[in-house]
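Colleague: The structure under discussion is supplied below as structure tokens; questions concerning it will follow.
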Amino acid sequence: MTLRVLALDHVGVLGGAELSLLDIASAFGDEMSVRLFVDGPFRDALANRGVDVQVLPMGALASVRKESRTPSLAALAAAWRLAEVVANEAASADVLYANSQKAFVVAALAGRRARRPVVWHLRDLLGAPHFSALNTRGAVMLANWLATRVIANSHATADAFVRAGGRRALVRVVHNGVDPAPFDAVSGVAPRALRHSLSPDAAYVMAVFGRLHEWKGQQVAIDALAQLPAECALWVVGAPLFGELAFETALREQAARLGLTARVRFLGFRNDIAPLMRAADVIVHTSTWPEPFGRVIVEGMLACRPVVAASAGGVGEIVTHEETGVLVAPGDAAALAQAVTALRASPARAARLAEAGAAHARRTFGVPAMVDGVRRVLDEVLA
Ligand code: UDP
Ligand code: GLC
């Protein structure tokens, strides 16, 4: 059956949710159109893959944050206006598919107007600490009332939705998939030139990938580096995608204060994730709040690098401790430093974990399985 899916996302930059939708939309091809609420590199990335994409500006809806206690009347009015535009487009679609919380609010209103089913791909852990109580309650009420299905990116995300009052019967879990191709392309060799250009003197490189945000925990990686010998370096890969400029400044100050300026490289947003991971010795995931899923962990595994990850949220669905990686308590810099030291001391164990991780990631977190999962839910909705 050929589908006509109208996908919505309020974000214009390349976060994990957007990179995931990029693969989903590419796979659906002509069956999916994407509407964003703000322009940016995500639109270019979709267009480059031949996806039908347009930007519908969100106006005052932009001012609502996850931690917002009450959305302003202007924001509600903007959501309503945007829903009208989306409802017109939805007339020629079978189903609305929302990839972010704000997009879901608009999709829910539009779906009601246009009498189209709405699927919410939920990629966030609702409730504290990520969302304010009001924001959580509003989203869950709207989902229980107007969503036909909720796709959760992990069991942890599904459970948080249910704990917040969401109806379990609505939820289907579809784990993220990551395309192994860029990792295969660099699998044979360590990219020495890249490593040398970034940290010529380092004997051991620890790398953390992700947007700069306090809860992503780059500060924990810097604290851990302070406990490692001088020949160890840290690469911080990622940018403050949602305006966290003060946090980036604080990270640089922290490194300076600890005398680590020469050992920490801030690389900003990069598109060459696979070669960078391949050029590092260990990939660390440092989120201090529960991570809904964590694509960077799967990527570290696909790069065949040992991964040390913060054990909370969906992370335990990706990594089995001492089998496919190492888990440490979130926010514990000493434990992170210790785990990295142990991996460095035993290259054979590090290689064994990396290889088991790579095999597991390939088997479990492929793009086809993710796309099939999403398609099954859409088929179920339209049946
Ligand atoms: N990423 C990237 N360039 C960077 C930093 C991160 O392309 O400089 C990608 C990373 O490879 C991963 C995604 O951003 O695919 C982050 O996804 P994740 O699920 O780990 O976290 P999110 O940002 O969605 O919370
Ligand atoms: C969100 C989550 C992240 C997840 C991504 C893809 O951005 O923060 O944990 O991996 O969505 O579903």
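Colleague: Tell me which of these ARG192 doesn't satisfy, since it passes every other one: (1) surrounded by 20 or more Cβ atoms within 10 Å (Cβ to Cβ); (2) at pLDDT below 95.
Modeller: Evaluating ARG192 over (1) surrounded by 20 or more Cβ atoms within 10 Å (Cβ to Cβ); (2) at pLDDT below 95 leaves (1) as the failure.
Colleague: Turning to a different aspect of this structure: Looking at the stretch 194-284, what strands (runs of 3 or more DSSP E) fall wholly within it and have at least 3 residues that are small (Gly, Ala, Ser) and more than 10 Å from ligand 1 (Cβ to nearest atom)?
Modeller: Answer list for the stretch 194-284: none.
Colleague: Quick one: which residue in VAL298, VAL328 is at negative phi, touching a residue at least 60 places away in the same chain (Cβ under 8 Å) and crowded, with 22+ Cβ neighbours inside 10 Å?
Modeller: The conditions single out VAL298.
Colleague: Can you tell me which of VAL34, VAL53, VAL5, VAL11 is within 16 Å of ligand 1 (Cβ to nearest atom), at negative phi and among the β-branched types (Val, Ile, Thr)?
Modeller: One residue alone meets the criteria, VAL11.
Colleague: Select, from ARG81, ARG113, ARG137, ARG172, the only residue that is assigned to a strand (DSSP E or B) and surrounded by fewer than 19 Cβ atoms within 10 Å (Cβ to Cβ).
Modeller: ARG172
Colleague: Still on this structure, please answer the following. What are the pairs, 6+ residues apart or on separate chains, where a residue within the stretch 166-193 that is closer than 20 Å to LEU22 by Cα and in contact (Cβ under 8 Å) with a residue 40 or more places away in the chain has its Cβ under 6 Å from a residue that is away from ligand 2 (no atom under 16 Å from the Cβ) and part of a loop (DSSP other than H, G, I, E, B)?
Modeller: Pairs that qualify, where the first residue is closer than 20 Å to LEU22 by Cα and in contact (Cβ under 8 Å) with a residue 40 or more places away in the chain and the partner is away from ligand 2 (no atom under 16 Å from the Cβ) and part of a loop (DSSP other than H, G, I, E, B), are PHE183/ALA303.
Colleague: Pick from ALA303, ALA312: which is surrounded by fewer than 24 Cβ atoms within 10 Å (Cβ to Cβ), within 18 Å of the chain's Cα centre (by Cα) and either within 15 Å of ligand 1 (Cβ to nearest atom) or aromatic (Phe, Trp, Tyr) (or both)?
Modeller: ALA312 is the lone residue from the list that is surrounded by fewer than 24 Cβ atoms within 10 Å (Cβ to Cβ), within 18 Å of the chain's Cα centre (by Cα) and either within 15 Å of ligand 1 (Cβ to nearest atom) or aromatic (Phe, Trp, Tyr) (or both).
Colleague: Let me ask something else about it. Going by the conditions given, is VAL205 away from ligand 2 (no atom under 16 Å from the Cβ), over 21 Å from the mean Cα position of the chain (by Cα) and β-branched (Val, Ile, Thr)?
Modeller: Yes; evaluated as a whole, the condition is true for this residue.
Colleague: Could you look through the stretch 211-247, keep only residues that are small (Gly, Ala, Ser) and buried (at least 24 other Cβ atoms within 10 Å of the Cβ), and pick out the one that is nearest to ligand 2 (Cβ to nearest atom)?
Modeller: So, considering only residues that are small (Gly, Ala, Ser) and buried (at least 24 other Cβ atoms within 10 Å of the Cβ), the one nearest to ligand 2 (Cβ to nearest atom) is GLY217.
Colleague: Among the residues of the stretch 313-359, how many are of a type in the set (Gly, Ala, Ser) and within 30 Å of ALA181 (Cβ to Cβ)?
Modeller: Residues in the stretch 313-359 being of a type in the set (Gly, Ala, Ser) and within 30 Å of ALA181 (Cβ to Cβ): 13 in total.
Colleague: Can you find, within the stretch 84-110, the residue that is farthest from LEU36 (Cα to Cα) among those that are crowded, with 17+ Cβ neighbours inside 10 Å and polar (S, T, N, Q)?
Modeller: Ranking the qualifying residues of the stretch 84-110, first place goes to GLN101.
Colleague: Which residues, taken from the stretch 129-154, are in contact with a Gly (Cβ under 6 Å, 6 or more places away or on another chain) and of a type in the set (S, T, N, Q)?
Modeller: THR136, SER154
Colleague: Tell me, which residue of the stretch 315-325 that is outside any loop (DSSP other than H, G, I, E, B) and touching a Phe, Trp or Tyr at 6+ places or on another chain (Cβ under 9 Å) is surrounded by the fewest Cβ atoms within 10 Å (Cβ to Cβ)?
Modeller: Out of the qualifying residues, it is GLU317.
Colleague: Looking for something more than 29 Å from GLY210 (Cβ to Cβ), free of Cβ contacts under 8 Å to residues at least 24 places away in the same chain, surrounded by fewer than 17 Cβ atoms within 10 Å (Cβ to Cβ) and of a type in the set (Gly, Ala, Ser) - is there at least one such residue anywhere in the stretch 67-74?
Modeller: Yes: one or more hits.
Colleague: In the stretch 145-182, which residues are closer than 21 Å to LEU382 by Cβ, in contact with a helix residue (DSSP H, G or I) (Cβ under 7 Å, 6 or more places away or on another chain) and not hydroxyl-bearing (Ser, Thr, Tyr)?
Modeller: Correct list: LEU146, ALA147, ARG149, VAL150, ILE151, ALA152, ARG167, LEU170, VAL171, ARG172, VAL173, VAL174.
Colleague: Does PHE269 fit the bill of being surrounded by fewer than 21 Cβ atoms within 10 Å (Cβ to Cβ) and either more than 21 Å from ALA230 (Cβ to Cβ) or modelled with pLDDT under 95 (or both)?
Modeller: yes
Colleague: Oh, and also: Between a first residue in the stretch 263-279 that is more than 18 Å from LEU251 (Cα to Cα) and away from ligand 2 (no atom under 16 Å from the Cβ) and a second residue that is among the basic types (Lys, Arg) and assigned to a helix (DSSP H, G or I), which pairs have beta carbons less than 6 Å apart while being 6 or more apart in sequence or on different chains?
Modeller: Cβ pairs passing all conditions: ALA279/ARG195.
Colleague: Turning to a different aspect of this structure: Answer yes if at least one residue in the stretch 28-47 is aliphatic (A, V, I, L, M), part of a helix (DSSP H, G or I) and closer than 25 Å to ALA383 by Cβ, and no otherwise.
Modeller: no
The values are calculated or read from the model by the stated rules, or taken from the named source; none is laboratory data. Here the structure is a predicted model, which is why all the values come from computation and not from measurement. Positions of Cβ are backbone-derived with ideal geometry, glycine not excepted, and every protein chain shown enters the neighbour counts.
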